[in-house]
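This report refers to the structure that appears directly beneath it.
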Amino acid sequence: MAETGAAGPPASVRVGLVGYGLGGSSFHAPFIDATPELDLVAVVTTDPGRRALVLQRHPLAEVVGSVEELLARADLDLVVVTTPNATHVPLAMAVLRSGRHVVVDKPVAPTAEEARAVAWVAAEHGRVCIPFHNRRWDGDFRTVRDLVDRGRLGPLQRAEIRWERWRPQTVAAPGRAWKDDPAPGAAGGVHFDLGPHLVDQALLLLGRPATVYAELGTRRAGARAVDDAFLGLTFPGGAVAHLTMSLTVGGPLPRFHVVGRDTTYVGVTTMDPQEAALAEGRLPGGPGWGSVDDSEWGALQAGNETVAVPTLPGDYGAFYRGVARTVLAGDSPPVTIGEAVTVLEVLDAARRSAEDGTVVRLPERPMARWNA
């Protein structure tokens with residue numbers, strides 16, 4: 001591993017990737033490759049088909065069979081963990097204790113307490129743990145955040161954010177049955193799959209919540225984990241956020257419905273196009289990357305007045321450009337472990353609320369940026 005002491009930072013960041021399923025192959029490796037300052041040098045996978053894909057797509061990367069083999073390498077600065085949720089904490093801690101920085105897919109941990117433990121190990125070893133909350137760079141959310149930052153809505157009163165899918169079949173894709181594991185510590189269910197993104201977006205718009213109310217349901221025949229969830233958050237200034245994540249909705253509502261004092265932003269039901277583009281084999285950063293047709297723009301509405309709002313292009317690559325700056329220049333991470341801890345405090349409170357049928361009050365503390 002290149003040291004970042006008196007000799008200065010490395011000229012580029014040498015990256016190891018743990019896992020080459022959907023996350024590793026679509027959401028991580030292509031953006032690592034698209035970032036000039038990052039070099040993918042090794043990938044951990046034991047699946048023969050995935051091994052062949054790595055060798056085809058990333059000919060300069062070596063395929064290794066275990067995390068232990070990966071961490072034994074000397075040419076490694078950063079490790080990306082994109083594995084089943086229950087493995088995130090032990091793998092992240094192993095990486096940090098080996099002296100490398102780590103990117104961890106969401107959720108960083110099943111609980112806020114475990115995420116705090118990861119943060120302390122990172123601090124102890126002088127390294128950073130960067131949560132992968134890439135949906136901050138969805139085009140529709142970038143648009144909402146831009147409108148809020150420019151004061152186009154006025155003070156926010158209510159943010160409704162939805163991620164509603166139609167997945168009536170409960171048979172999981174090969175290797176993804178862990179997503180339907182209801183066991184404590186597995187971090188299965190839609191609230192751990194989609195929930196971290198929606199909570200993160202709400203917190204970026206409105207800050208730290210004061211209270212959390214949740215309804216967590218298992219609706220589909222044969223499903224074991226939560227597949228339909230609603231979270232209601234209140235904030236000290238009086239604003240509220242209503243977050244819906246579901247696999248049971250055949251007719252979704254707009255993904256964003258953000259009410260301000262002066263006007264309301266109404267989004268569309270379609271998702272950011274980057275995921276579909278990656279599934280088609282397109283490379284990040286090409287012409288028109290992340291752009292949407294004007295037929296899929298949202299609008300500002302105030303009574304009978306409606307003004308179309310161009311959707312900003314989605315840009316998942318911004319995450320890894322930020323990671324490179326963090327490792328090479330010491331910049332603040334694009335997402336901090338402290339922010340992920342707050343997201344998990346909300347999800348912890350959601351579980352308690354759903355179990356007890358109560359509104360849970362969060363302890364008051366600042367929205368810390370642990371690695372700033």
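The numbers here are math on the coordinates, done by the rules we state, and not lab data. These numbers come from a predicted model, not from an experiment. Positions of Cβ are backbone-derived with ideal geometry, glycine not excepted, and every protein chain shown enters the neighbour counts.
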Contact order relative to length of region 199-329, as percent, for alpha carbon pairs under 8 angstrom and 6 or more apart: 14
Between helix 139-149 and the chain: long-axis angle, C-alpha atoms, 0 to 90°, nearest 10: 60
Mean-position separation - Cα centroids, region 294-372 and region 110-163, in angstrom: 3
Long-range HN-HN contacts of Val104 with modeled amide H, under 5 Å: Val81, Ile130, Phe132
3J(HN,Hα) from dihedral phi, region 276-284, Karplus parametrisation 6.51/-1.76/1.60, rounded to Hz, x for glycine, proline: 5, 5, 5, 5, 7, x, 6, 8, x
Rounded to 10°, Cα long-axis angle of helix 48-57 versus longest principal axis of the chain: 90
Cut-off under 5 Å, modelled amide H: who pairs with Leu38 long-range: Val13
Peptides ranked, highest mean first, by Cβ atoms within 10 Å: ranges 277-284, 178-185, 313-320, 20-27: 313-320, 20-27, 178-185, 277-284
Entry for Kirkwood radius over Cα pairs in Å (calculated from the structure that is shown) out of (1) 21.3; (2) 22.2; (3) 23.5: (1)
Nearest-ten-degree value, helix 88-97 long axis tilted from longest Cα axis of the chain: 40
Order by protection proxy (mean Cβ within 10 Å, highest first), peptides 190-203, 285-298: 190-203, 285-298
